[in-house]
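Accompanying notes for the structure given below.
Every number here is computed from the coordinates shown, using simple stated rules; none is lab data. Nothing here was measured: the structure is a model prediction, and the numbers come from that model. Counting neighbours? That spans all protein chains shown, and the Cβs are built from the backbone with ideal geometry, glycine included.
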Amino acid sequence: MGWQEIYKNLQDNNQVTLKILVGLQDDSLNQEEHFAHFMKSMGVAINNAEMDNKSFYNQIAFLMQLLE
């Protein structure tokens, strides 16, 4: 998953300014539709049995703290 690479790089250098673009693959969708697709993909990722481990939850918690 892409956030693992983001997590690793932010851990190595916390002085980075980061902008994340979501939904660039389909220009025909409006903002609400892009958000719905993003949330659906996050739900799939979070409910993935392979991701159900302590490392994943630590990464997500770290990224959530940055977003706050």
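Structure summary
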{"quantity": "Residue order, fewest to most beta carbons within 10 Å, for Lys54, Lys19", "calculated": "Lys19, Lys54"}
{"quantity": "Label selected from (1) 15.5; (2) 12.3; (3) 13.6, the criterion being Kirkwood radius over Cα pairs in Å as computed here", "calculated": "(3)"}
{"quantity": "In range of the label at Leu18: residues from the range 26-68 whose backbone nitrogen is under 11 Å from the point 7 Å along Cα→Cβ", "calculated": "59-68"}
{"quantity": "Charge context of Met39, other residues only, Cβ under 14 angstrom, K/R +1, D/E -1", "calculated": "-1"}
{"quantity": "Estimated dipole of the chain in Debye, rounded to 20 [Cβ of Lys and Arg +1, of Asp and Glu -1, Cα centre]", "calculated": "240"}
{"quantity": "Lys/Arg +1, Asp/Glu -1 at C-beta; the chain dipole; positive extreme among Ala61, Asn47, Leu29", "calculated": "Ala61"}
